[in-house]
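Below is a structure I'd like to ask you about.
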Amino acid sequence: MTKIDSIINVPNSKNKIIIQLKKILDYSKTNKISISIAGARHSMGGHTMYPNGIILNMRPYKEMTIDTINNILTIGSGALWEDAINYLDKFHKSIAVMQAFSSFSIGGSISVNGHGWQKDSPPISSSIISFTLMNYKGEILNCSRTENKELFSLVIGGYGLFGIILDVKLEVVDNETLQFKYIRLTPENYVEYYQKLISDNPKVKLVFGRLRISNKHFLEEVTLNYFEKIKKKPKKIPPHNKKNESSKRLVFRSTANSEYGKRLRWDLENGMNKILINETFTRNNLLNDNVSLIENKDKTSTDILQEYFIPERHFKQYIDKLKDVLPNKHIDLLNITIRSVYKDNDSYLNFAKEKVFGFVFLFNQKKK
Ligand SMILES: Cc1cc2nc3c(=O)[nH]c(=O)nc-3n(C[C@H](O)[C@H](O)[C@H](O)COP(=O)(O)OP(=O)(O)OC[C@H]3O[C@@H](n4cnc5c(N)ncnc54)[C@H](O)[C@@H]3O)c2cc1C
């Protein structure tokens, strides 16, 4: 438990936020109180909350406007991706790069420089045109690839340590209708099939792999799930279907601490994939999943998400090693998703130094 001084909700308009943040910075300097910045608060680590510090809750700051000619969204850093998607849907536009869930804030996502399941794409950094930053002196700086270049690359993936991100200009893309495809493989064939079915296929827009994690056939099977663009006018984004979502969550959570649950989920998902093959969705619909789909409501345990970025040439060797390392550990593996992430040329602290496959692990761990 970390004791804090206070949580301050920022105002929702540009003029007011600048005045308020300057006052808070003066107050913190005079009283020697540290400030940390919070978006949707899904990240862990000391930088997200200083002992006896002030937490700035950026969430109310979510103004947005769109330039549909140049495909640029200007958005307050407290907005969630789901706010942006619902706004963009009206203009038939969509997010270029974001994580697999839409529950994260723009400021928090830039500060960790998240990656997503957009085909062969670098992390979020690649879709940022510019942002304004309030530094520790209360000055507002415009940061881009040509202006305050060094700060631009430090702030992206900088965990909020270089200032407060205020307004962000993001590249957006067309909302499209996409058709689901999937194939079941052995991990040995993954890279070859990925090249053939995904990288060489310009119609593919979204893609992820999922490894089998039950003790039975542990890491011996993988599914490659992808969505191809088709010529069909996209429908408006549908409201969340709570019933469907709670069934998906139930199937997912049933895997915690249960070999039976893990096998059942693998079979059910593969059964559903067969039914859903060729089904169409809009890009916005697919990007708009909420983290509640996998939420752990058990107070005696916690979920831990870890990501490892492996160059393509080490793919098979890495999986072989995992087979040795992971079994019989006192931690319960719930999921491994695989994404391809292209080289990041923008962030100073870049995790994708070349083309890599991102292995996203979710573990469940008992609390002491
Ligand atoms: C279930 C789950 C799934 C995930 N899936 C993915 C994934 O697919 N891909 C991926 O890359 N990551 C993934 N992540 C990690 C996720 O991208 C990060 O945790 C992200 O930071 C969450 O955004 P947030 O708004 O909750 O950030 P927060 O936790 O609120 O903040 C994160 C960091 O950003 C700083 N910050 C927040 N707002 C600002 C601001 N306005 N100015 C300056 N600094 C700021 C904070 O101080 C903190 O250091 C996942 C996490 C979870 C829990």
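The values are calculated or read from the model by the stated rules, or taken from the named source; none is laboratory data. Remember, predicted model here, so these are calculated numbers, not experimental data. Here Cβ is always computed from backbone atoms with ideal geometry, including for glycine, and neighbour counts include all displayed protein chains. What goes into the accessible areas is simple: the full protein's heavy atoms, side chains included, and nothing from ligands, DNA or RNA. Shrake-Rupley method; radii C 1.70, N 1.55, O 1.52, S 1.80 Å.
Can you show me the helix-derived [θ] at 222 nm for the chain, built from DSSP H runs with n ≥ 4 at -39,500 (n - 2.57) apiece and divided by the number of residues, rounded to the nearest 500.
So the calculated ellipticity at 222 nm is -7500 deg cm²/dmol.
Another question about this same structure. Could you name the lysines whose alpha carbon sits less than 18 Å from that of K169, not counting residues in the same chain fewer than 8 places away?
Those lysines meeting the cut-off are K14, K62, K93, K149.
Right, next: Which one of P60, G114, I8 is farthest out on the positive end of the charge dipole of segment 6-174, using unit charges on Cβ (Lys, Arg +1; Asp, Glu -1) and the Cα centre as origin?
So the residue furthest toward the plus end is I8.
Residues of segment 177-366: accessible area per residue at 1.4 Å, in Å²?
So segment 177-366 comes to 55 Å² accessible per residue, rounded to a whole number.
Another question about this same structure. From largest accessible area down, sort K231, K321, K368; use a 1.4 Å probe on the protein chains.
Highest to lowest solvent-accessible surface, that is K368, K231, K321.
Check the straight Cα-Cα distances from K329 and name the lysines below 25 Å, setting aside those fewer than 8 residues away within the same chain.
Output for K329: K216, K262, K297, K299, K316, K321, K366, K367, K368.
So if we plug the beta-carbon distance of D200 and E171 into 1/(1 + (r/R0)^6) with R0 = 22 Å, what FRET efficiency do we get, rounded to 0.05?
0.35
Let me ask something else about it. What is the packing order of peptides 284-291, 182-189, 242-249, taking the mean over residues of other C-beta atoms within 10 Å and listing the highest first?
Descending packing order for the listed peptides: 284-291, 182-189, 242-249.
For Y193 and I275, FRET efficiency with R0 = 22 Å and r from the beta-carbon atoms, rounded to 0.05?
Efficiency for this residue pair is about 0.50.
Another question about this same structure. Compute, for the chain, the length of the dipole vector about the Cα centre, with Cβ point charges of +1 (Lys, Arg) and -1 (Asp, Glu) only. Units Debye, rounded to 20.
760 debye
Computing the accessible area with a 1.4 Å probe over protein heavy atoms, can you report the carbon and sulfur percentage for the chain?
Taking all protein chains in place, the chain shows 54 percent carbon and sulfur surface.
Right, here's the next one. As an exercise, use a Förster radius of 45 Å and the Cβ-Cβ distance of E150 and N12 to find the FRET efficiency, rounded to the nearest 0.05.
Rounded to the nearest 0.05, the efficiency is 0.90.
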